[in-house]
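We did not get these values from a lab; they are worked out from the coordinates using the rules stated. Since the structure is predicted, the reported quantities are computational estimates derived from the model, not experimental observations. With ideal geometry, Cβ positions are generated from the backbone for all residues, glycine too; neighbour counts draw on all protein chains shown.
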Amino acid sequence: MEYQIERADLAAAFRWAARENMHEAVANHFSLAVSPDGSQFLMNPNQMHFARIKASDMLLIDANDPETMNRPNAPDPSAWGLHGSVHRLCPHIKCLMHVHSDYATVLASLADSTLLPIEQNTATFFNRIIYDEQFGGLAFEGEGTRCAGLFDDPLKQVMVMGNHGILVAGDSVADTYSRLYHFERAAGTYIRALQTGRPLRVLSDKIAEKTAVEMAGYPQKAERHFGELKRILDEENCNYAR
C-alpha cells in the first residue's frame, strides 16, 4: 500500500479522536500532505465514522486537480474546500485536522473567543492562535480559500473558527494530533474556570510566553505521546493499520 506509514498514522489519529469524543458523527476531516509541495494529500473518505477508519480507506487527493469532485469516491465537498485550499496555498502545512470538539467549539461560540493563559496548557497557546471571526457558512471552496489565507504566521498553528470549530495545523500527524488534544484540554480547563463565576488568575504575558516557548521546545513530546497511543491500539489488536 502506497504511503503505508502515513496512512496508518492518520488512521490512528482518527481512532483516538473518536475515543476522545472529538468527532461529529460522520463529519470532520484530517489530512496529511505526502508530496514535497504539499499538493498531494491523504484524507478520510466521505462520511465514514472516525472509529472505523483504516489505513487502506484513505483517499489520495491532488489539490490541483479540478476534477476531484467529479471522480468516483470523491471526498466530502467541505473537506475538499477546506483541506484542498490549505494544501494548495500553504505548502508549509503538512498535516491539518478539523473538528467540532466540545470545548473548542464552545470557545469558538463566545463573543470573545480569546483563550487566556490561566495554567500550563492554556499558556502553551499564548500568542499562537488565529481567531477567525468571519464565519461564512460551510467550508466549501470559497470559504476554504479564505481560511487558508489566515495561515500567514507559521507560529500560529491553531485556528479558532468563530461560530464553527477548530482547525489545527502541524508538521506531522503526531505533532498535529498532540496539538489538537492539548488545545481541547486547554479549552476545557478555561471553559470550566469561567463556569465557576469567580475571578481568573491570569498569567502575565512574560510568564505565558516563557511557558509557550518551553512547551514548544520540550523534547519529543508529541512523538512520544502519539507513539504511546499507537502502542495501545496495537496491544488491542486494532485493525487501524490495515
* Taking only Cα atoms, what is the 0 to 90° angle, nearest 10, from helix 173-195's long axis to the longest principal axis of the chain? -> 40
* Cα long-axis angle, helix 221-235 against the chain (0 to 90 degrees, to the nearest 10) -> 50
* Asked: Once you have the alpha carbon radius of gyration of the chain, what is it after dividing by 2.2 N^0.38 Å, with N set to its residue count?
  -> 0.98
* To do: Give the Cα extents of the range 53-168 along the principal axes, in whole Å, largest first.
  => 48, 29, 26
* Asked: What are the aspartates and glutamates whose alpha-carbon lies under 16 Å from the alpha-carbon of K230, with same-chain residues fewer than 8 places away excluded?
  -> E6, D9, E20, D175
* Asked: In degrees from 0 to 90, rounded to the nearest 10, what is the angle of the helix 4-19 Cα long axis to the longest principal axis of the chain?
  -> 50
* To do: Excluding residues on the same chain fewer than 8 positions from K156, give the lysines whose Cα lies under 17 Å from its Cα.
  => K94, K210
* **the chain, helix-only ellipticity at 222 nm - DSSP H runs n ≥ 4, -39,500 (n - 2.57), divided by all residues, nearest 500** => -11500 deg cm²/dmol
* Asked: Sorted from largest down, what three extents in whole angstroms do the Cα atoms of the range 178-227 have along their principal axes?
  -> 38, 24, 10
* So, in nm, how far is label S109 from label C238 when the simple model puts each one 7 Å beyond its Cα toward the Cβ? -> 2.8
